[in-house]
Structure formats: C-alpha cells, structure tokens
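These notes are about the structure you will find just below.
The values are calculated or read from the model by the stated rules, or taken from the named source; none is laboratory data. Quantities reported herein were computed from a predicted structural model and do not represent experimental measurements. Each accessible area value is taken on the protein alone, full model and side chains, heavy atoms only, with ligands, DNA and RNA left out. Shrake-Rupley method; radii C 1.70, N 1.55, O 1.52, S 1.80 Å.
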Amino acid sequence: MRFIAATVLILLFSFIAGLFLPWWSIAIVAFLVALLIPQSIGKSFLAGFLGVFLLWGLLALWIDIKNDSVLSKKIAQLLPLGGASILLILITALIGALVAGFAAMSGGSLRPARKKRRYV
C-alpha cells in the first residue's frame, strides 16, 4: 500500500511541480516523497521510476497526439531512431524515470535504519 501511495504522490506532485518549476523538480519531489514514506530502497527506486515514467510518458504521448506527431517524427529522424516517434516518447519517459528513481533511492537511503528491539 505504501508503494502505491508513494507512486501516486510522486506522479501528482511531479505534475504540479512541473507546471511551475524546471524539469529537474521531479528529482526533488521523488526525493522528498521517498524520505517521508518509509520503504525499502528498491521499492523507493521503483516508486520514483514508475511514477515519473507514467507521467512523462503520458504527457509526451498527449503532446504528440495533439500535433499529429509532426515534431516527434522530425526529432526521431535526427536521432538514430528510424523516425519512430513512439521510441522517442519511450526514451523521454525513461530519462525522467531514471532521474526520479535515483532521487527516490537517495531519499530512501537517508532514512535511519530500523533498529530491532531486543527483549532481554
């Protein structure tokens, strides 16, 4: 349940931050959410990765559909993608997801480790 909550919070707050702040604000959002919601480091990375992958992928797809793939096809021809706009959308989502995933992993690793209680 924490994983889903962290993923949704990263997605929502990254969207809101992206409206007013630079693109790298997704890293700050993922870092803070992972710092506040206790999870393992792997789950923190996955929550950040998945939240921003979905956000950037859907936003890039929405923008691509709105302009009939004109810009994305031209950019995909400049890059070695064979003119496939869907690959450009996936690479865009992957770059954002990696940034957020590593930021979330950093936030998750800063939390103090749990100490096991010893009942003597």
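For the chain, complete DSSP H runs whose alpha carbons reach 30 Å or more along their own long axis and whose mean Kyte-Doolittle score is 0.5 or higher are 41-66, 85-110.
For the chain, averaging the sequence separation of C-alpha pairs within contact (under 8 Å, six or more residues apart) and dividing by the residue count gives a relative contact order of 36 percent.
Size descriptors for the chain (Cα atoms only): Rg and Dmax, in that order, 17.1, 70 Å.
The accessible-area ordering, largest first, of the residues Ile63, Ile91 stands as Ile63, Ile91, per a 1.4 angstrom probe.
Taking only protein heavy atoms and a 1.4 Å probe, the accessible area of region 1-110 is 81% carbon and sulfur. Given springs between every Cα pair under 10 Å in a Gaussian network model of the chain, which of Ile95, Ile41, Ile65 has the largest fluctuation? Looking only at Ile95, Ile41, Ile65, the largest GNM fluctuation is found for Ile65.
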